[in-house]
Structure formats: C-alpha cells, structure tokens
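See structure below.
The values are calculated or read from the model by the stated rules, or taken from the named source; none is laboratory data. Fair warning: this is a prediction, and the values are worked out from it, not measured in the lab. A quick note on method: Cβ atoms are made from the backbone with ideal geometry, for glycine too, and the neighbour counts reach across all protein chains shown.
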Amino acid sequence: MAGQKLNVDIPKAITEFEAAAKEFELKEKLYRIIFRGKGLEFDKYRDYAPDEDASNIDWKASLRTNKLIAKQYIEERDLNIVFIVDVSDNMVLGSEKLKCELATEVFGALGHLIMSSNDRIGLVLYSDKVKQFFPPKGGNNNFFLLVDVLSDPATYGGEQRFDRVLSFSLDYLRNVDAVIFISDFIKVRENVLNNLFLASHKFESVAIMVRDLLDKTFPDVDREIVIEDPATKEQILINPKLIKGVYEKNALELERMVKNIFRRGEVDLLELMTDQSFAFPLASFLGERVKMGARRK
C-alpha cells in the first residue's frame, strides 16, 4: 500500500461539520463547549441580558441575589488541545467505511474548527505503545501534516493499549488544556478507570467512540467463514448465522461496560458509526456540553 492514502475527504468533512456547527453557534461558543469555562479567565459578575446565551447564567449567584446573574470572562487565546488517536489494528475495520477513515475525518473537521479560533492542536498516535507525538502547534502546515499522517496506511498496526497512552498523557503532556480521545475503545477495561479519572481532572477531556456495524452484529450469512485475530493471528472457522445472537449480546454488554467506565471516569463520550454522517451528531454533542456546563456551575 506504499504511496496510497486512506479514503478520506477532509474538505467535505470540514464543510459538513461547519454547516452543522452553525446551528449551535459552535465557533462562537468553542471555549464553553470544550472547556466549560476552564479555557476562560473569570473576570466579574454582571446582570444577565435577556437576549444572550442562557449558558452564561450563574445559577448559584442568581439564587443568592434573587436575580439573574451572569459570569463575565476574559478569553485566553492560544490554548493547547491534543488529539489522542488509536491507530491499532482494531481501527482498520469497516463494513462501508473504515473506522480509521472516520476518525481521520472527525479529526480534520474538529481540528479545523479549533485552529480557526487561533488555538493550537497536537496529536498522539498509539497502539500497543505511543507511536508518535506531535506537540501542539498552530498554522495550516501543522494541520495538513497531521492529516497526512492519519491518512497514511503505514501509520496503523499493533494491539490497542489504552492504558499505556493514558499513563503517557499523565506523565508527559505539559501545558495542555484539553485532550480528545478517538478510538473504538473495544479493549478498554476497568484497569484504566483510575488514570481516566485523573486525566479528566488534569485536562478537560472528551472521548469519541468510533464504531462499525461489525462491532455490534454479524452479517446474516449462513455459511462458514474464517476470521482472524489481528493481534495474535489466530484463526477460527465460524458460521455467523449460528452465533449471531450470542455475538450481539456480548457486544452490547461490552459497549455498556465501556460507556460506564467513561461515565465513572467523568469523561463525556460520543458514539459515532461509520455508516452515518458524523457532522450533526458531533455538533449536537458539543452543543450539549454548553448546557451541561451551565448546569454544573
């Protein structure tokens, strides 16, 4: 596959996401969405204006004063946001679109939004270990470099070890305001919970879970096929129709467990499917973080 690239359309991803983002005014609210105020320096309290965003209201202060009070912030520019992207064998799977292709387009769309607000983005690539780390930088050259790396099939391979990249993040990421995890998280287990919780308190953290239909169900095929574990290369002969029910039950239990781990680790998680457009679900998810930020003040 030398010289080839993944089948990704970054301009289309950016255009569709920006169109969806306009409905939620995401560019204007980027700091509240990602940081819930952590990316802003508190200035003072003021009276709330009826025509402004309700997420500005400080409900505790309003109850004390018996009138609507809003927080006023001084924007802190040049924030550092790092994408932590899974490039293991698990991501090179898809019934229509590969999970790594969707992950790359999500990175391109969200990274472009962040950089258009004059902030810096970095990238950590991991599988069984941290494979590459690009410190946060601004500028189009950095953006296109990171997209090229993620679009290169040679980037991918190895076992998924989310526990190791979490340890790396806690030990080596400095002067980072937020991290965005992108993975299918299929192999995430309880042993990551403590470090996940620590990461969520060290950085503002968001997780994007990229899944394919094959992660949830087998195709309705009544014949024997060979499947192979990409990590161990072990092969087994199965009939998908005969084990479909058991597979779906186990897949659902695993998905619930993973989502519960992120909930307990206090990291907001969004699930995206490879056979669906990510633009509106991602914009809606980020818009919901504005409301959550308002409720948590």
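Quick check on my filter: what residues within region 213-227 are in a loop (DSSP other than H, G, I, E, B) and touching a Leu at 6+ places or on another chain (Cβ under 6 Å)? Matches in region 213-227: E224 only. I'd like to check something: does region 194-215 contain any residue that is at pLDDT below 95, among the polar types (S, T, N, Q) and closer than 19 Å to Q160 by Cα? Taking every residue of region 194-215 in turn, none turns out to be at pLDDT below 95, among the polar types (S, T, N, Q) and closer than 19 Å to Q160 by Cα.
Restricted to region 93-120, and to residues there that are among the aliphatic types (A, V, I, L, M) and at pLDDT 95 or above, the residue that is surrounded by the most Cβ atoms within 10 Å (Cβ to Cβ) is L102.
Scanning region 242-288 for residues that are under 25 Å from F218 (Cβ atoms), of a type outside the set (A, V, I, L, M) and loosely packed, with under 12 Cβ neighbours inside 10 Å yields G245, K249, N250, E253, R256. L146 - would you say it is of a type outside the set (V, I, T), at pLDDT 95 or above, buried (at least 17 other Cβ atoms within 10 Å of the Cβ) and in contact with a helix residue (DSSP H, G or I) (Cβ under 6 Å, 6 or more places away or on another chain)? No.
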